[in-house]
Each structure stands twice: as C-alpha cells, then as structure tokens.
Amino acid sequence: VKSVQQRSHHLLEYSLSLDELRNKKWTSFQSNLSDLDDFVYKWSHVVKDWDDIVPDPIVHQLKLLESSIPALRHCRVDLFREDHWVELLQGKLRLPGSVRVDNLHFSHFIQSLEILATPDALKFTETLAEKCRGEVIVRETLNEFIAWYQTYEIDFYDHTYEGRNTPLIQNWKQIFIEINDKQNLLS
C-alpha cells in the first residue's frame, strides 16, 4: 500500500512538473533548456527505482523528450524569422496555423514529440538554423553595402579639352576595390 501511495505521489509530482514546463512561453524557455534536461534526468532515474510496474506512457514520453532536446536547441527565437517558424511549426510539426512565435509555448512542442524526437527533425532544425544564419549574414552585408553606397562620395575632377569641361571620376580603382570587397562578403 505504501509503495502504491508513493508511486501515486510521484505520478502526481511528474504531472505537475511537466505542466509547469508545458506552460512556459518558448521565448523565455528556449534559453533554459537545461530545465528540460534536468526534468528528463530526474524522472528517468525516479522511474528506474520503481521496481515493479512503470507506466509505459511516462517512460515513452521521457524517451521522446530526451530525443527531442537536440532539435529544440536549434529552434531559437533570436535567429528564426516568421517564415522560418511557419516552416517549422505548420510545415514540419503540423501544428495549427494559429500557433505563432508570439503565442508559442513548450506545450506545442510536446504535442509534436513523436515528430520532433526523430533524427529527421534534428536534421531539419539544423538545416533551418543554418539557413537562418546564412540569411542573417546576407541581410547584414546588404545593409552594410547600402550604408556604404548612401554615404560614399565620389570625387570628380574637371578635365578640359578643346574648351569643353568634362567631369571625370577620380579613384575608379578604389571604388571597384571596395565594391569587390562588398561582393566577396556575400559569396
């Protein structure tokens, strides 16, 4: 009887602990994935100590949670833009269209654990994160080029030939070197 009461207490504690994680907004929770690591570690050890019957759904869920952590590490709010979130949430994880980054909770990822825990999902999130990093570099480089373009002053000198004054650009070579440098940043 004492063993059953203790297990019931553990099941309730497990459920409450998981609910606490579920209710966290992803914008704040994603930087504290160690909380999820700790949860999985703690409960994996607790269920090992149950010597007779361990509820299979809990063991299965813990394994899925553990397998999903590497993919979750790539789902970064500071990196993904809205189109990337749509690609992940509605595309890969098949969540409803109403789920956006501004209302995203860890519970949404729990709904898709079966998908998120696969090696394919890890590869998908790695690729998506890499794509995002590349887009950030391109965006920053283009902004740098635009700023350079808007502030660059071309030096002219007047060339007079047969009474005609023709303004000519000085430092062509330097201009092309700087443009080439900007192009190299994009490649």
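The values are calculated or read from the model by the stated rules, or taken from the named source; none is laboratory data. Predicted, not measured: the structure shown is a model, and the values here were computed from it. Heads up, the Cβs are rebuilt from the backbone with ideal geometry, glycines too, and the neighbour counts pull from every protein chain shown. For the accessible areas, the whole protein counts, side chains as well, though only heavy atoms, and no ligand, DNA or RNA atoms are used. Shrake-Rupley method; radii C 1.70, N 1.55, O 1.52, S 1.80 Å.
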TODO: Read through the list (1) in a helix (DSSP H, G or I); (2) surrounded by 10 or more Cβ atoms within 10 Å (Cβ to Cβ), then give the number of the only condition that ILE154 fails.
DONE: (1)
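If we keep just the residues of the stretch 40-59 that are out of contact with any Leu (no Cβ under 6 Å at 6 or more places or on another chain) and at pLDDT 90 or above, which is nearest to GLY134 (Cα to Cα)?
The initial filter retains those residues of the stretch 40-59 that are out of contact with any Leu (no Cβ under 6 Å at 6 or more places or on another chain), namely 41-42, 45-59.
Within this subset, residues satisfying the condition of being at pLDDT 90 or above are 41-42.
Values: TYR41: 34, LYS42: 37 Å.
Once the filter is applied, the top-ranked residue is TYR41.
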Open item on the list: Tell me whether the stretch 19-39 contains one or more residues that are more than 15 Å from the chain's Cα centre (by Cα), among the hydrophobic types (A, V, I, L, M, F, W, C) and within 21 Å of GLU126 (Cβ to Cβ).
Closed with: yes
Open item on the list: So, ASP78, is that one in a helix (DSSP H, G or I), among the charged types (D, E, K, R) and more than 23 Å from LEU12 (Cα to Cα) or not?
Closed with: no
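Select from the stretch 158-187 the residues that are over 30 Å from GLY134 (Cβ atoms) and part of a loop (DSSP other than H, G, I, E, B) and list them in ascending order. Quick ask: steps written out before the conclusion?
Here is the first cut: in the stretch 158-187, the ones over 30 Å from GLY134 (Cβ atoms) are 158-173.
If the condition is that a residue be over 30 Å from GLY134 (Cβ atoms) and part of a loop (DSSP other than H, G, I, E, B), then GLU162, GLY163, GLN170, ASN171 are the ones that fit.
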TODO: Starting from residues that are more than 16 Å from LYS24 (Cβ to Cβ) and in contact (Cβ under 8 Å) with a residue 12 or more places away in the chain, keep the ones in the stretch 87-108 and report whichever is surrounded by the fewest Cβ atoms within 10 Å (Cβ to Cβ).
DONE: ARG94
- [ ] State whether one or more residues within the stretch 66-73 are surrounded by 15 or more Cβ atoms within 10 Å (Cβ to Cβ), β-branched (Val, Ile, Thr) and part of a loop (DSSP other than H, G, I, E, B).
- [x] no
Open item on the list: One residue is enough: does the stretch 162-178 have a residue meeting the conditions open to solvent by less than 50 Å² (accessible area, probe 1.4 Å), among the hydrophobic types (A, V, I, L, M, F, W, C) and farther than 30 Å from ASP35 by Cβ?
Closed with: yes
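Look through ASN23, ASN32 and report the one residue that is touching a residue at least 40 places away in the same chain (Cβ under 8 Å) and open to solvent by 60 Å² or more (accessible area, probe 1.4 Å). Even if it seems obvious, please write down each step before you answer.
On the way: ASN32 fails: touching a residue at least 40 places away in the same chain (Cβ under 8 Å).
Just one listed residue meets the conditions, ASN23.
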Task: Which numbered condition THR141 misses (of (1) exposed (fewer than 12 other Cβ atoms within 10 Å of the Cβ); (2) in contact (Cβ under 8 Å) with a residue 12 or more places away in the chain; (3) within 30 Å of ILE179 (Cβ to Cβ); (4) not hydrophobic (A, V, I, L, M, F, W, C)) - done: (1)
TODO: Filter the stretch 22-43 down to residues that are in contact with a His (Cβ under 9 Å, 6 or more places away or on another chain) and charged (D, E, K, R), then give me how many there are.
DONE: 3
TODO: Would you please name the residue that is farthest from the chain's Cα centre (by Cα), looking only at residues in the stretch 60-73 that are modelled with pLDDT of 95 or more and within 18 Å of HIS105 (Cβ to Cβ)?
DONE: LEU64
